[in-house]
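Asker: Before we start, here is the structure in question, set down as structure tokens.
The values are calculated or read from the model by the stated rules, or taken from the named source; none is laboratory data. Not measured: the values here are computed from a predicted model. For neighbour counting, all protein chains shown are included, and Cβ atoms are generated from backbone atoms with ideal geometry for every residue, glycine included.
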Amino acid sequence: MYPLQTLIVGAILCFFWKNYSFRPSKGIFLGVILGVIGIALWILPSYLYDALGYTEETVGGLKYFGFAPRDDGFDPSVLIPEFGVAGYWGATIFRFLRAVVVVALVEELFWRGFLMRFLINPNGNYWKVPFGKPRLLSYLVITASFVLIHQPVDYLGALLFGSLMYWLAYRTKSLAACVVMHGVANLLMGIYALQFGEFGLW
């Protein structure tokens, strides 16, 4: 499913590529830095859960802060018995391609490229709203929506990450910087999930 989804959405992105504006390209390095910081904050509760020796399902409100086991998720190694190493690497590459390129582009084009502007001027020509122009309503709606599309255990991480991303858009006025931040974060998340068996993170 994921490979097909990646190919179809990737093809759509390429078809409409000339309609996207990623300029100015300033703030790329800041996007990299915030991608590292944002995903570190996202992963930290899961890391602490393991480091402190917890093994049981978290009860109460702690699970909403990411303090929970994260080993149940996409594990490409289950493909090896049937499809061999080629199946493992094929699935892994497509998973990374989807997360680092396709998801980063689609989500930032929607959240920051469209919705952030639309909420400022919904009854007018919202495309004329400068990219990164801040408004409290747009921050609250976009960040809350970003949080709610994730599972409850990721709510805190999504809140912090979404807030950093909104600030980056405001600070740099660059869609490219936002895409880079999202892509870097997803790349590091995937590497961490594979390295430590935290497959529930992705």
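Asker: Among the residues of the stretch 65-79, write down those that are touching a Gly at 6+ places or on another chain (Cβ under 7 Å), farther than 18 Å from residue 51 by Cα and surrounded by 14 or more Cβ atoms within 10 Å (Cβ to Cβ).
Answerer: 79
Asker: Follow-up. For the stretch 60-81, name all the residues that are part of a helix (DSSP H, G or I), among the hydrophobic types (A, V, I, L, M, F, W, C) and within 20 Å of the chain's Cα centre (by Cα).
Answerer: Matches in the stretch 60-81: 65 only.
Asker: Would you check which residues across the stretch 80-94 are among the β-branched types (Val, Ile, Thr) and either farther than 16 Å from residue 202 by Cα or in contact with a strand residue (DSSP E or B) (Cβ under 8 Å, 6 or more places away or on another chain) (or both) and list them?
Answerer: 80, 85 - these are the residues of the stretch 80-94 that are among the β-branched types (Val, Ile, Thr) and either farther than 16 Å from residue 202 by Cα or in contact with a strand residue (DSSP E or B) (Cβ under 8 Å, 6 or more places away or on another chain) (or both).
Asker: Filtering the stretch 30-59 down to residues that are surrounded by 14 or more Cβ atoms within 10 Å (Cβ to Cβ) and outside any helix (DSSP H, G or I), which residue is nearest to the chain's Cα centre (by Cα)?
Answerer: My answer is 58.
Asker: Right, something else. Just to check your reading of the model, which residue among 185, 176, 144 is surrounded by fewer than 21 Cβ atoms within 10 Å (Cβ to Cβ), among the small types (Gly, Ala, Ser), farther than 19 Å from residue 67 by Cα and in contact with a Gly (Cβ under 8 Å, 6 or more places away or on another chain)?
Answerer: Only one candidate passes the filter, namely 176.
Asker: Same structure again: I'm checking my understanding of the structure. Among residues of the stretch 104-132 that are touching a residue at least 24 places away in the same chain (Cβ under 8 Å) and touching a Phe, Trp or Tyr at 6+ places or on another chain (Cβ under 9 Å), which one is farthest from residue 176 (Cα to Cα)?
Answerer: Ranking the qualifying residues of the stretch 104-132, first place goes to 116.
Asker: Separate question: Can you name the number of the only condition in (1) at pLDDT below 95; (2) crowded, with 16+ Cβ neighbours inside 10 Å that residue 16 fails?
Answerer: The one condition residue 16 does not meet is (2).
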